[in-house]
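Structure first, commentary second.
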Amino acid sequence: MEIMEKLRILADSAKYDVACTSSGVDRGARKGMLGSAVSCGICHSFAADGRCISLLKVLMTNYCVYDCRYCVNRVSNDVERAAFTPDELAGLMIDFYKRNYIEGLFLSSAVMKNPDYTMELLYKTLELVRTKYRFNGYVHVKAIPGASKELITAVGFLADRMSVNIELPSSQSLEQLAPDKTKESILAPMTQVKNLKIQNKEEVKLYRNAPKFVPAGQSTQLIVGATPEPDKKIITLAEGLYKKFALKRVFYSAYIPVPKQDSLPKVKPPLLREHRLYQADFLLRFYGFAAKEILSGESQNLNPNMDPKCQWAIDNISMFPVEVNKADYYTLLRVPGIGQISAKKITDARKTGSLDFDNLKKLGVVLKRARYFITCKGKMIDKISLVPEVLYMKLSENKINESSVQMSLFDLMPQQIETSSGGQFLYEEKAGANKTRHTVYGEDSDTAKAGLLIKNRENDMAKTAPLINERTSSTAKTALLIKEGAEIGWIGKAN
Amino acid sequence: MDRQGELIVTFDGSFDGLLTVVYNRFYENLRPDFISKRGNVQQRLDSQITDIETDFDKSAKVYEGIASKISPGAIHTVYYASLKDDAEIYTKIYRYILLGFKVHGDINNYLKEDYVLGVLKAAKTVGREANFLREFIRFKETKDGILYGEISPESNCLGIVAHHFADRFLGLKWIIADKKRDISAVSGGEGFILTDDILPDIGEFADKEENLIALWKMFHKTIANESRVNPKLQTQLLPKRYRKHMTEFQIDFNLPD
Ligand code: SF4
């Protein structure tokens, strides 16, 4: 078979693997060797789906003896099959590298014949890459569950990163959809890699030139949406994996339905859900959040309409607003819209004098979301009430009528008229039966709608809303909302 | 002395030239209101122009002064900023360095000064473009085994890009040509030189090049998930202006669709 054909087939079957970043090691050039690795990773191109192309991501082979039901390459599926020889693949990869197409290799494989046979193919390829071509750049390789310890160790000394896919978020799901794999066969290499890495660290300390075992650590990947586990379960699992196996990354892959498979539900890939999971994962890794904080309430799933940090802030509104000139770095990090870079900029810049909102803007701090949660010198940017419902409307990424949750609330309102005049939005509702008219004003249509929403909510809902206090003294417009709210008895008094 | 109007100082546009201008501020009491690349300035009636010759001994002194009195990072910042294609930038850098000598390592916290912010932003823009290029430049191998790549960047960041490849392609022969400025970086395996000489003909590309390009294009196409196609995101991450020199975005006119 032509190498072109092989590449087409084996790149195609590798594309569902998302764990493709080149990062985690910094290795300058060495004389007599080809290439280098940069720890922040380098993307060399972007594919039509907007994902970064950094590594030559291919399968060694897609011939498989296993029958995982979510996978195109399962033995029972009728697909084109191909296998690279180690020589072909190593040569191709080096040629691509020299043209600056790629940053390195990401090599995975289906299980050809048996796990050891497959792992040996991977080993031979990496050996060529490292010794014949003396390649000094980045290589990420998959460990095949069930392969012998010796092979996994040998491959680990040639690779920068190794990963074992956890595949599915629970062992029941695994049993159901990947009958040839078990929790044990997946966790065994993970444990081995973790232990070897600890051992290797000691060796490297003693002998500076000792070969390094997976210097960029290990990662894993799981499929989201093929099985019924809720986000809460997934985030908690991820937290456990980070802690137990010292994983560098957990990757989430929205399940893309494979055609001709009846036992699986036909769904569109849950991309939004995947996106929210990555945001939650980020909170775990970089923002000091615990899994149980991210989904603290009843809800088992992340809110699709709002990033999890925003949701957390609204749920914990009593902690806000924070004063930009006083709050420490970690408190700033918890403000929606303020990331690590902005938090650092703020703590640095305020050393030379206290900051106001204009200073923040100049620093490049994006206030779109942060404005609702911060004060500068004791003042908010404009008078905003910290009512969760209002914030929710403002910060929700979905417009009201696109959201089914909110739809149900608006079912109460048979007729709505939205007008705006003089920069002010007027939002009117005529309730069907008794023809009472509520008119609400707001600075913009969202506030107005939110006001209306609040009015229409039942009393017990309103009680859960934190009380408004003087620090958020209202403008005439919000005052109207509050006054009307007080009249119908849904809002508490200032404390 | 009674000076009429503002003083404009011109120099050759090089980093060393700019540092020489700073040197003259301290040792010749030459206080420019505006600094410009030679030939880029139009004299106004009320302004006077002084031209400064680049002097490497003088620039070296200022270089060390910046590294020790401000911070080693400040050298990096002003160097990157000076590569920006922007007529105002030299004056801003000059003022940035002067303030830096006063406030030392705290300089980057003086963001309330527009020129400090301007310099930092420029450095970032240049750095970002250099990063883009380091990722997106494509090479082809000639029959003689030279890797040849072309760019046409907005800022003058060939040097930064070449620096990256001096490391990455250690031991290989390579050339990067800036087609916009007609300058090139050339390496024979170790280090590189920047030159505005016209390069000798590099000869034909190797036979396997065509096949490799086809393989790469196929990989690029195949690896995208149809169910995730997102051209808006792709454009945001990989601005169209960089695609000109990228193999995978060059259209094959002889291939059927
Ligand atoms: S082992 Fe399972 S997931 Fe891996 S290629 Fe084979 S069928 Fe697919």
Check your understanding: A:Ser296 is checked against (1) surrounded by 21 or more Cβ atoms within 10 Å (Cβ to Cβ); (2) polar (S, T, N, Q); (3) part of a loop (DSSP other than H, G, I, E, B) and fails just one. What number does that condition carry?
Key -> (1)
Point to revise | Cβ-Cβ under 8 Å pairs, at least 6 apart or on other chains, region A:371-392 side free of Cβ contacts under 8 Å to residues at least 12 places away in the same chain, far side polar (S, T, N, Q) and surrounded by 23 or more Cβ atoms within 10 Å (Cβ to Cβ) | key: none
Point to revise | Qualifying positions in region A:191-212 - in a helix (DSSP H, G or I), open to solvent by less than 50 Å² (accessible area, probe 1.4 Å) and either within 16 Å of the ligand (Cβ to nearest atom) or over 21 Å from A:Gly240 (Cβ atoms) (or both) | key: A:Asn200, A:Val204
Check your understanding: Looking at A:Asp78, A:Asp95, which one is more than 18 Å from B:Thr247 (Cβ to Cβ) and of a type in the set (Asp, Glu)?
Key -> A:Asp78
Check your understanding: Out of region A:299-328, which residues are part of a helix (DSSP H, G or I) and free of Cβ contacts under 8 Å to residues at least 12 places away in the same chain?
Key -> A:Gln311
Point to revise | Meets criteria (part of a helix (DSSP H, G or I) and not assigned by TED's automatic domain parsing to the domain that holds B:Leu194) for B:Ala122 | key: yes
Practice item. Tell me which of these B:Lys240 doesn't satisfy, since it passes every other one: (1) modelled with pLDDT under 70; (2) exposed (fewer than 12 other Cβ atoms within 10 Å of the Cβ). Key: (1)
Check your understanding: Does region A:165-172 contain at least one residue that is over 18 Å from A:Phe251 (Cα atoms) and either among the β-branched types (Val, Ile, Thr) or surrounded by 18 or more Cβ atoms within 10 Å (Cβ to Cβ) (or both)?
Key -> no
Check your understanding: Any chance region A:131-146 includes a residue that's assigned by TED's automatic domain parsing to the domain that holds A:Ser36, among the charged types (D, E, K, R), more than 16 Å from the ligand (Cβ to nearest atom) and within 23 Å of A:Gln199 (Cα to Cα)?
Key -> no
Review point. Would you say B:Leu133 is within 13 Å of chain A (Cβ to nearest Cβ) and without any contact (Cβ under 8 Å) to a residue 60 or more places away in the chain?
Key: no
Practice item. Select from region A:162-186 the residues that are more than 14 Å from the ligand (Cβ to nearest atom) and over 18 Å from A:Ser109 (Cα atoms) and write down the one among them that is farthest from the chain's Cα centre (by Cα). Key: A:Glu184
Exercise for review: Looking only at region B:144-198, count how many residues are open to solvent by less than 60 Å² (accessible area, probe 1.4 Å), away from every other protein chain (no Cβ under 14 Å) and in a loop (DSSP other than H, G, I, E, B).
Suggested key: 5
**Study point:** A:Gly91 closer than 21 Å to A:Arg30 by Cα and in the same structural domain as A:Pro169 (by TED's automatic domain parsing)
**Key:** yes
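The values are calculated or read from the model by the stated rules, or taken from the named source; none is laboratory data. These numbers were taken from a predicted model, which means no experiment stands behind them. Please note: Cβ atoms are built from the backbone with ideal geometry, for glycine as well, and neighbour counts cover all protein chains shown. Please note that ligands, DNA and RNA were not included when accessible areas were found on the heavy atoms of the full protein model with its side chains. Shrake-Rupley method; radii C 1.70, N 1.55, O 1.52, S 1.80 Å.
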